[in-house]
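Heads up: the structure comes next, in structure tokens.
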Amino acid sequence: MAPSPALRARAQCKAGKSGSPIDPNMNERILNRFALLKKKDRLAHAYLLTGAPNAGKTRTAVAIAKLLNCEGEKGDSAFFLEKDEKGRCPHYCGQCPSCKKIDSGNHPDFHRIESPEGESLKIEQIRDVISQVKFRPFSGKYKIFIIRDVERLTTEAANALLKTLEEPSASSLLLLTTSSAENVLETIRSRCHMVNFFSSSNEELEVSLKGRYNAASTSPEELHFLAYMAEGCPGKAQRLADDKVPSRKNTYIDQFLLSAHSDEFINTIAADKDRLKEFLRIVMAWFRDAILLKAHGDHKRLIHADRVDDLEDFAVRFTVNDLGILYRETVNAYKMVVDNLNVKLPLLILKEQLWGN
Ligand SMILES: [Zn+2]
């Protein structure tokens, strides 16, 4: 059966054609849902976007803000799932003053409330929202407030926010995000419509990455690595690609895991905390792959699929139990790095376990 036009449009949208204004890290399924709600004029006042870190919650919330206030020629018409002549899914145009101001953070009706990593969302920040929410939009159709990581609201701030959720104003929309819904006050959760972000499978992400990166800049092996290392999270895959992790991961494998002469490498890597964490994550993935191969003969889900021959040679030298121990010791070394402890000794011990004395 031939796919329907809507499905074709969806597939093309997923592929993220180059030059498209569509942010590839936002969740298209959820954006479609909001496009439909807008079309039917059935938007609620507050939504709680829940999903794993890097699942694309904030990017999708920003895309929703553009969708609702876009002034482009299709911004006000029923364009749900219709593609334009360039094969894009124009839920928003990305070019009009409204879309551009949202991108640059200068839209008077678009507010993003967040706090630095590890800090709580404070009452002053929520008071700001309360003072704005009751006014009509300046130039857009909706006033939109994205409040990130609402599990970090102080009790005071959460109680203040509750009042706003109880007394909604017609033209404002609150998009709250959290990666741990169980830690959000029940009273807040119950006043919001829930929107769940499920990670795509590794296979789905790999397919979507193939549509996004051109083959000249990123090899199929690298795309596979990105998708599986990111465990299906598009934002995480993007970060790994931006940090150029695929270009370094084989150096870690060759100079540490497959070389008995790794002392110099250990000295260098132990001195660089950021690289050290990256290195340990690659090593964990290697041991995990070796266990998958040895215990289950599983070739399909390997992260380091490009090194399958080396993995097989490596796994022959250890029992599954040994590999489990190596994996756990690498996890412990990682925790030590996070706690700012020196891991040179644990790395030397790991080396001894890999090669004997
Ligand atoms: Zn626009």
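Here the stretch 285-318 is the region considered, the condition is being within 30 Å of the chain's Cα centre (by Cα) and acidic (Asp, Glu), and the residue that is least open to solvent (accessible area, probe 1.4 Å) is Asp289.
Only one entry of Pro116, Pro108 meets the criterion of being part of a loop (DSSP other than H, G, I, E, B), modelled with pLDDT of 90 or more and open to solvent by 60 Å² or more (accessible area, probe 1.4 Å), and that entry is Pro116.
Restricting to helices (runs of 4 or more DSSP H) lying wholly in the stretch 216-262: which have 2 or more residues that are under 20 Å from the mean Cα position of the chain (by Cα) and hydrophobic (A, V, I, L, M, F, W, C)? Spell out the reasoning first.
Numbers: elements: 220-229, 234-242, 245-252.
Once the helices (runs of 4 or more DSSP H) in the stretch 216-262 are filtered for at least 2 residues that are under 20 Å from the mean Cα position of the chain (by Cα) and hydrophobic (A, V, I, L, M, F, W, C), what remains is 220-229, 234-242.
Results for (1) open to solvent by 70 Å² or more (accessible area, probe 1.4 Å); (2) modelled with pLDDT of 95 or more; (3) under 30 Å from the mean Cα position of the chain (by Cα), shown as yes or no for each residue.
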{"residue": "Val283", "(1), (2), (3)": "no, yes, yes"}
{"residue": "Val320", "(1), (2), (3)": "no, no, no"}
{"residue": "Asn332", "(1), (2), (3)": "yes, no, yes"}
{"residue": "Gln353", "(1), (2), (3)": "yes, no, no"}
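Here Leu326 passes the criteria (1) under 28 Å from Ala227 (Cβ atoms); (2) open to solvent by 80 Å² or more (accessible area, probe 1.4 Å) except the one numbered (2).
Quick one: Ala271 ticks every box in (1) among the hydrophobic types (A, V, I, L, M, F, W, C); (2) buried (at least 20 other Cβ atoms within 10 Å of the Cβ); (3) within 22 Å of Lys335 (Cα to Cα) bar one, so which box is it? Going through (1) among the hydrophobic types (A, V, I, L, M, F, W, C); (2) buried (at least 20 other Cβ atoms within 10 Å of the Cβ); (3) within 22 Å of Lys335 (Cα to Cα) one by one, Ala271 breaks only (2).
Evaluate the following for Leu292: is it among the hydrophobic types (A, V, I, L, M, F, W, C) and over 16 Å from Phe314 (Cα atoms)? Don't jump to the end; show me each part of the working.
Working: among the hydrophobic types (A, V, I, L, M, F, W, C): yes; over 16 Å from Phe314 (Cα atoms): no.
Criteria not met by Leu292.
Candidates are the residues of the stretch 91-102 that are without any contact (Cβ under 8 Å) to a residue 40 or more places away in the chain and either under 26 Å from Arg29 (Cβ atoms) or among the β-branched types (Val, Ile, Thr) (or both); the one that is nearest to the ligand (Cβ to nearest atom) is Cys96.
Can you tell me how many residues within the stretch 165-191 are touching a His at 6+ places or on another chain (Cβ under 9 Å) and surrounded by 14 or more Cβ atoms within 10 Å (Cβ to Cβ)?
Of the residues in the stretch 165-191, 7 are touching a His at 6+ places or on another chain (Cβ under 9 Å) and surrounded by 14 or more Cβ atoms within 10 Å (Cβ to Cβ).
One residue alone among Lys163, Lys210 is assigned by TED's automatic domain parsing to the domain that holds His45 and part of a helix (DSSP H, G or I), and that residue is Lys163. In this structure, is Ile130 surrounded by fewer than 19 Cβ atoms within 10 Å (Cβ to Cβ), modelled with pLDDT of 90 or more and in the same structural domain as Ala44 (by TED's automatic domain parsing)? When the stated conditions are applied, Ile130 passes them. Report, by residue number, each residue of the stretch 45-81 that is at pLDDT below 90, under 19 Å from Ser139 (Cα atoms) and either buried (at least 24 other Cβ atoms within 10 Å of the Cβ) or hydroxyl-bearing (Ser, Thr, Tyr) (or both). The one that is at pLDDT below 90, under 19 Å from Ser139 (Cα atoms) and either buried (at least 24 other Cβ atoms within 10 Å of the Cβ) or hydroxyl-bearing (Ser, Thr, Tyr) (or both): Ser77.
The values are calculated or read from the model by the stated rules, or taken from the named source; none is laboratory data. It should be emphasised that the depicted structure is a prediction, and the values quoted were computed from it without experimental measurement. Please note: Cβ atoms are built from the backbone with ideal geometry, for glycine as well, and neighbour counts cover all protein chains shown. All accessible areas refer to the heavy atoms of the entire protein, side chains included, with ligands and DNA or RNA removed. Shrake-Rupley method; radii C 1.70, N 1.55, O 1.52, S 1.80 Å.
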